[in-house]
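A.B. asks: Sharing a structure below in structure tokens format, with a few things to ask.
Each value in this text was obtained by applying a stated rule to the coordinates, not by laboratory testing. It should be emphasised that the depicted structure is a prediction, and the values quoted were computed from it without experimental measurement. FYI the Cβ positions are ideal-geometry reconstructions off the backbone, even for glycines, and counts take in every protein chain you see.
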Ligand SMILES: [Zn+2]
């Protein structure tokens, strides 16, 4: 027995622990000494200091908390509203520019509900790339306060762009009647009389640090941002040493837009970003489904990261990212659960399982073991993408105590043949028992500790009649647009983009 380090306030005793470099099939039993917000020591067995809380965790597994590396809290209330739908059509159902301005109450309720779902499924960090349109500073304050109150770690970015959505989707301008054009929007629309980036820099980046809150920048997608805006973004990211999150090549339509929009870069957005000096470890490119082989190589060479979101990519008919090619090129891969209206579940177990299964069909040859890779993508790689690799994503002394405790007395883990494979291929979130962020159990015995969980549901109930009214109006409008959407979709599918990411289409 070894004494605990001085300053230990909590001793987690007797669990199997997923340690960096350890055996993730059969993780060793280890004690974890936590002092305040930080892991002080891992190993033991430790002698409990008299003043420390001791939690007996025999029969449990402690893993690093998940990092949901791509998520948008703006459409949490639209979960479960849609069946499969092409991405270009989905934008018109789900994205903020389609909606009338929202109330403070709705912004708060949806932020808390989304964070609660994330925490209950073992996430300790969420990267929220939030569109607030039209921008209202009170909404931004509300979101930040909600994250602070519920206690999850947030890597927060506002989503922005300075090109109109209509100009970034192939054929919309041609097929829709002119009098409908002003209604067609995308993930971010230009703010007319407001410099969002300057506001974000002075109000957020320059403000005093707050616990569990980290900033990031969210240029919506290269085609929705001029080179000038991308340049400002990257200058700001380097100045403040913060990560940048953007979307790239989610759908065939986005690949086609690149072919049409940047002929000077051979129709390749990665070449455009390279020419603008935007590539590098700061940058995380969500989706990366329709990357060309040449572009994958450039990402690997420049250390640029990706965040894959398999749930939404499948439901929005986008396809399968070139997972094995990305792995071969050494590209950083994080995992995300994206919008609630397309991915539905904020559940990293689902994302990891789909990742591992899609990896299996993204190359003919048998690949490397994917379960442990999926776990690292969902923890360590997401942390590195957020430029927080020194703080979260691993269980080691000096790291923040961001942990998930899995109850192994569950059919998912009996018998325990491989903790890694059973977490990825069997567990769905049921066995997540405690979740700790910065040394504080925000979920204990599957219950939220920082707030009254029922009060969050009540807040959501109170605002749902208004949300449903607006959603129904949007559904009716999209139904009227359907013939034009179908025509644009047909043309997108018939155009040549040089690669294919939907193998099912061969049948
Ligand atoms: Zn997204």
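A.B. asks: Pull out all pairs, ordered by first then second residue, where Cβ-Cβ is under 9 Å, the residues are six or more apart or on different chains, the first lies in the range 185-211 and is in a helix (DSSP H, G or I), and the second is exposed (fewer than 12 other Cβ atoms within 10 Å of the Cβ).
C.D. replies: Short answer, once both residue conditions are applied: 199/137; 201/239; 203/137; 205/239.
A.B. asks: Which residues, taken from the range 68-95, are in a helix (DSSP H, G or I) and farther than 22 Å from residue 171 by Cα?
C.D. replies: Our first condition is that a residue be in a helix (DSSP H, G or I); within the range 68-95, this holds for 73-78, 87-94.
Answer for the range 68-95, where residues must be in a helix (DSSP H, G or I) and farther than 22 Å from residue 171 by Cα: 73, 74, 75, 76, 77, 78.
A.B. asks: Looking only at the range 193-206, decide whether some residue is within 20 Å of residue 286 (Cβ to Cβ) and within 16 Å of the ligand (Cβ to nearest atom). Step through it out loud before you land on a result.
C.D. replies: Taking the range 193-206 and keeping what is within 20 Å of residue 286 (Cβ to Cβ), we get 196-197, 200.
In the following step, the residues that additionally are within 16 Å of the ligand (Cβ to nearest atom) were identified as none.
Scanning the range 193-206, I find no residue that is within 20 Å of residue 286 (Cβ to Cβ) and within 16 Å of the ligand (Cβ to nearest atom), so the answer is no.
A.B. asks: Out of the residues in the range 225-256 meeting the condition of being within 16 Å of the ligand (Cβ to nearest atom) and in a helix (DSSP H, G or I), tell me which one is nearest to residue 198 (Cα to Cα).
C.D. replies: Looking only at the range 225-256, we keep the residues that are within 16 Å of the ligand (Cβ to nearest atom), and these are 225, 243-251, 253-254.
Subsequent filtering for residues that are in a helix (DSSP H, G or I) retains 253-254.
On the way: 253: 32, 254: 28 Å.
Only one residue fits best here, namely 254.
A.B. asks: Looking only at the range 323-349, how many residues end up being surrounded by fewer than 24 Cβ atoms within 10 Å (Cβ to Cβ) and within 16 Å of residue 250 (Cβ to Cβ)?
C.D. replies: Of the residues in the range 323-349, 1 are surrounded by fewer than 24 Cβ atoms within 10 Å (Cβ to Cβ) and within 16 Å of residue 250 (Cβ to Cβ).
A.B. asks: Since residue 430 meets every condition but one in (1) under 22 Å from residue 113 (Cα atoms); (2) not in a loop (DSSP other than H, G, I, E, B), which condition does it not meet?
C.D. replies: Every condition holds for residue 430 apart from (2).
A.B. asks: Another question, then. Which one of these does residue 321 not meet: (1) within 16 Å of the ligand (Cβ to nearest atom); (2) farther than 22 Å from residue 292 by Cα; (3) more than 14 Å from the chain's Cα centre (by Cα)?
C.D. replies: Just one mismatch for residue 321, condition (2).
A.B. asks: Further question on the same structure: Scan the range 8-23 for residues that are in contact (Cβ under 8 Å) with a residue 12 or more places away in the chain and surrounded by fewer than 21 Cβ atoms within 10 Å (Cβ to Cβ) and jot them down. Walk me through it before giving the result.
C.D. replies: Here is the first cut: in the range 8-23, the residues in contact (Cβ under 8 Å) with a residue 12 or more places away in the chain are 8-20.
Within the range 8-23, 9, 13, 14, 19, 20 qualify.
A.B. asks: So, in the range 240-269, how many residues would count as being closer than 20 Å to residue 159 by Cβ and over 20 Å from the mean Cα position of the chain (by Cα)?
C.D. replies: Let us first name the residues in the range 240-269 that are closer than 20 Å to residue 159 by Cβ, namely 240, 242-251, 253-254, 257-258, 261, 269.
From the residues that got through so far, the ones that are over 20 Å from the mean Cα position of the chain (by Cα) too are 240, 253, 257-258, 261, 269.
Selection size over the range 240-269: 6.
A.B. asks: Moving on to the next point. For residue 390, work out the one condition from (1) surrounded by fewer than 19 Cβ atoms within 10 Å (Cβ to Cβ); (2) part of a loop (DSSP other than H, G, I, E, B); (3) over 20 Å from the mean Cα position of the chain (by Cα) it doesn't fulfil.
C.D. replies: (3)
A.B. asks: Look at residue 99 and say whether it is within 23 Å of residue 127 (Cβ to Cβ) and more than 20 Å from the chain's Cα centre (by Cα). First the steps, then the outcome.
C.D. replies: Numbers: within 23 Å of residue 127 (Cβ to Cβ): yes; more than 20 Å from the chain's Cα centre (by Cα): yes.
Yes: the conditions hold for residue 99.
A.B. asks: Those residues that are surrounded by fewer than 22 Cβ atoms within 10 Å (Cβ to Cβ) and within 20 Å of the chain's Cα centre (by Cα), I need them from the range 157-175; list them, please.
C.D. replies: Residues satisfying the conditions do not exist here.
A.B. asks: Name the residue that is nearest to the chain's Cα centre (by Cα), counting only residues in the range 52-87 that are closer than 25 Å to residue 252 by Cβ and within 14 Å of the ligand (Cβ to nearest atom).
C.D. replies: 70
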